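Below is one structure, written out as C-alpha cells; the observations come after it.
The values are calculated or read from the model by the stated rules, or taken from the named source; none is laboratory data. Worth saying up front: this structure is predicted, and the values here are computed from it rather than measured. All Cβ positions, even for glycine, are placed from backbone atoms using ideal geometry, and neighbour counts span all protein chains on display. Just so you know, the surface numbers come from the protein's heavy atoms only, side chains and all, with ligands and any DNA or RNA stripped out. Shrake-Rupley method; radii C 1.70, N 1.55, O 1.52, S 1.80 Å.
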Amino acid sequence: MNDQTPQGHQSLAELIASRLCHDLVNPLGAIGNGVELIEMTGAARGPEMALIRDAVRDAQARVRFMRIAFGAAAPTQIMSAREAKATAQGNWQGARLHVSWAATEDLPRHRVKLGYLMLLCAETALPMGGDVTITHEAGGHLRLTAKAARVTHDPALWSVLHFGMNAAARALKASEAQFPALHTTLGLCDLTLNYVAAEDGLVITTA
C-alpha cells in the first residue's frame, strides 16, 4: 500500500471548519460548566436542567467529531485509539445508529478523518439506524461494516466517492458534504474506496 499522507495540504474549507469548531468549543464548555455549578448549588433542578445539560453535551460531542471529520489534519498529527473511539462513539451517543470504533492502534489524524467521513456517509444509507463497526485492517486500511433493517443506497450520490461532486449530476445538499470531502481526502492520501450495499448491510473499505 502507498501510505502517503497529505503533505501540508489544507483547503480553505478545512481551515474554516477547524476555525468554526475551535471557536465553538470554549463557549460550549463554559455553558456546560455553568449548568454543573447550578446543579451543585441546587438553585435549579428538574427536567429542564437535564434537557439543557444533555443538549450541551450533545453539542460538545458533535463539535469534537466534526472538527476531526471536516477540519484540517497535519501530516504529523497522531490521534490515540482511545480519543478516536471516544470521539466517534460520542457523536452518536443515544442515537439509533450504534457506532463501534474497533481500531485499537493510534493512527495518523488524517486516517481517523477518513474513518469519520466513512461513518457520515454510511449514516445517510441507514435511515432507521443500525450497527456500524470501524476496524483497522492489515496493510493499514480502514473497513466499515454496517448491519441494519433497511439500507437506502443512492447510486448517484455514492458515485461522488469515485468521481467527485459533479458525478451526482445535481446540486449536493449540505447534509451530503461528507461525500465530496471523503473523495478529496482519499485522493490526498493516495487511496481509493470500495463499497458494497445490500438490503440489510453495507461494507466500505479503503484500498
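Return the residues of segment 173-183 that are open to solvent by 40 Å² or more (accessible area, probe 1.4 Å) and free of Cβ contacts under 8 Å to residues at least 40 places away in the same chain; say none if nothing qualifies. Across segment 173-183, the qualifying residues are Lys173, Ala174, His183.
Considering segment 140-183 alone, what residues qualify as being within 22 Å of Trp101 (Cβ to Cβ) and in contact with a Cys (Cβ under 9 Å, 6 or more places away or on another chain)? Residues satisfying the conditions are Leu144, Leu161, Gln178, Phe179, Leu182. Among residues that are touching a His at 6+ places or on another chain (Cβ under 8 Å), open to solvent by less than 50 Å² (accessible area, probe 1.4 Å) and within 20 Å of Ala103 (Cβ to Cβ), Leu186 is not included. With respect to the conditions (1) within 19 Å of the chain's Cα centre (by Cα); (2) not in a loop (DSSP other than H, G, I, E, B), Leu191 lacks only one, and its number is (2).
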